[in-house]
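The values are calculated or read from the model by the stated rules, or taken from the named source; none is laboratory data. Treat the numbers as computed from the prediction; the structure is a model and nothing was measured. Note that we place each Cβ from the backbone using ideal geometry, even for glycine, and neighbour counts take in every protein chain shown.
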Amino acid sequence: MKENYLRWSEHPYAGERNPPAEGVTPYAGSWPLIFLKRDSEGHFLDPNYKRIVLPIKDPHHIDFYHELKIVQRTLNNLTPQQKKIGIYYGTGVPTKQWTPVIDKLIDTYGAGPTQAARILAVVHGAINDSMVVTWHLKYLWDAARPNQYDQTLKTLLCTPGFPAYPSGHAVVSGCAEVMLTYFFPKEAGKIKRIAKEDAISRLYAGVHFPSDNEEGLRLGRHIGKVIVSHLKSQSDERGQILDLSDSKYRNANILSEDYQQSIPFDFNERCRSLTMDDDVSVKKNTEAAKPYLKF
């Protein structure tokens, strides 16, 4: 069944009078790619120039009004643990929690200088591509946020200033999960747990619908798999494959049990949309924690 959905550019956030302006980096969907390619019509291609069929639902096939009830129920019944998770992953941009994870894995598994450089470059390159795809879809579909459907909705965190679908945190997490599991397969369980927790944190924050997160994870994982398939074909001048994983499990300390930032930063606390009446809900998680730069 085809559903009508609200457009992000046409409705104000709860607590605001006017619809959003052009938003954060609205043309980032056209930015350069590291691994993926584009054809002359703007379709995304894999590294071998084959067209990628993006595994994500058209928002016309999502019942956002039904999912709004899930967001409302979640916000009305948040546990202290869910609040911690929402605030932790919602602090800063989507890469903020993943970059320290990469560094800890590199240290724990004793990656050499060139291996470490490759891992950092490859994973962040894949994340770059996943975000370019995400931003293309966000502004293509222009899907509204939960607090544009419900003008009384008080979210845990400040609602970011760009369209909702798909969730950038979820896409990045899905992509990072696949990329890091490729390099560190023994840590797959923990890496997947972080990815799932990061994605659902956006529901706890009240700034995304379930489908934003679920479809975002699926899309990110697919992009990661496309890039990993390309990496597996790479070798040095001897024909030796480049990425040999450690066969021993070294139990990397990558899970955040206390949900404290690895790299703290005092983000600006301004927020115009409605948030919960709790001081912690508006600290370090406002729109200033998202990029202000517009290109």
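Looking across the range 187-213 at every residue that is within 23 Å of Ile254 (Cα to Cα) and acidic (Asp, Glu), the one that is nearest to the chain's Cα centre (by Cα) is identified as Asp198. Among residues of the range 91-131 being β-branched (Val, Ile, Thr) and in a loop (DSSP other than H, G, I, E, B), the one that is surrounded by the fewest Cβ atoms within 10 Å (Cβ to Cβ) is Val93. For the range 149-178, which residues satisfy the criterion of being within 14 Å of Ala126 (Cβ to Cβ) and in contact with a Leu (Cβ under 9 Å, 6 or more places away or on another chain)? Residues satisfying the conditions are Val171, Ser173, Gly174, Cys175, Glu177. Taken over the range 180-210, the criterion of being more than 30 Å from Ala111 (Cα to Cα), buried (at least 24 other Cβ atoms within 10 Å of the Cβ) and not aliphatic (A, V, I, L, M) is satisfied by Ser201, Arg202, Tyr204, Gly206, His208, Phe209.
Residue count for the range 66-90 satisfying the condition of being crowded, with 16+ Cβ neighbours inside 10 Å and in a helix (DSSP H, G or I): 15. Of the residues contained in the range 58-65, none is found to be surrounded by fewer than 19 Cβ atoms within 10 Å (Cβ to Cβ), in a loop (DSSP other than H, G, I, E, B) and hydroxyl-bearing (Ser, Thr, Tyr). Against the test of being of a type in the set (D, E, K, R) and in a helix (DSSP H, G or I), the options Arg272, Arg250, Arg221, Arg238 yield a single qualifying residue, Arg221.
Restricting attention to the range 1-24, the residues that are polar (S, T, N, Q) and surrounded by 11 or more Cβ atoms within 10 Å (Cβ to Cβ) total 1. Answer yes or no: is there a residue in the range 196-207 that is basic (Lys, Arg) and assigned to a loop (DSSP other than H, G, I, E, B). No, there is no match, as no residue in the range 196-207 is basic (Lys, Arg) and assigned to a loop (DSSP other than H, G, I, E, B). For the range 25-50, a residue qualifies if it is surrounded by 14 or more Cβ atoms within 10 Å (Cβ to Cβ) and either at pLDDT below 95 or among the charged types (D, E, K, R) (or both), and the qualifying residues are Lys37, Arg38, Asp46. Candidates are the residues of the range 243-263 that are modelled with pLDDT of 95 or more and within 14 Å of Glu187 (Cβ to Cβ); the one that is surrounded by the most Cβ atoms within 10 Å (Cβ to Cβ) is Ile254.
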